[in-house]
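Heads up: the structure comes next, in structure tokens.
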Amino acid sequence: MMGIIVWRIYEKPIPEGYRILLDGLWPRGIQRGNIDYWAREFAPSSELRKWFSHDPNKWDIFIKRY
């Protein structure tokens, strides 16, 4: 049985597995060959990210809107 491993894009890639990027923006310095699929359609919208602005006080509202 295969599982899902959550891995930061800036860490050394795991050699096996299918790598999916779940982000609306392409990360700086990452080559496209390091990612198998860019699933940007599942990322929060640009408007929601800008509104949230990494403010912990907005987290609960962010989750509901996302």
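So the values come out like this:
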{"read-out": "Qualifying residue in the stretch 53-64 (condition: touching a Pro at 6+ places or on another chain (Cβ under 9 Å) and in a loop (DSSP other than H, G, I, E, B))", "value": "no"}
{"read-out": "Check on Gly24, in contact with a Lys or Arg (Cβ under 8 Å, 6 or more places away or on another chain) and either among the small types (Gly, Ala, Ser) or at pLDDT below 90 (or both)", "value": "yes"}
{"read-out": "Among the candidates Arg8, Arg49, residue that is under 15 Å from the mean Cα position of the chain (by Cα), of a type outside the set (Phe, Trp, Tyr) and outside any loop (DSSP other than H, G, I, E, B)", "value": "Arg49"}
{"read-out": "Every pair of residues 6+ apart whose Cβ atoms lie under 6 Å, when the first sits in the stretch 2-19 and is free of Cβ contacts under 8 Å to residues at least 60 places away in the same chain and within 17 Å of Tyr37 (Cβ to Cβ) while the second is among the aliphatic types (A, V, I, L, M) and assigned to a loop (DSSP other than H, G, I, E, B)", "value": "Ile9/Ile30; Arg19/Ile35"}
{"read-out": "Residue in the stretch 27-34 that is modelled with pLDDT under 95, touching a Lys or Arg at 6+ places or on another chain (Cβ under 9 Å), part of a loop (DSSP other than H, G, I, E, B) and surrounded by 10 or more Cβ atoms within 10 Å (Cβ to Cβ) present", "value": "no"}
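The values are calculated or read from the model by the stated rules, or taken from the named source; none is laboratory data. Remember, it's a predicted structure, so these values are computed and weren't measured experimentally. Here Cβ is always computed from backbone atoms with ideal geometry, including for glycine, and neighbour counts include all displayed protein chains.
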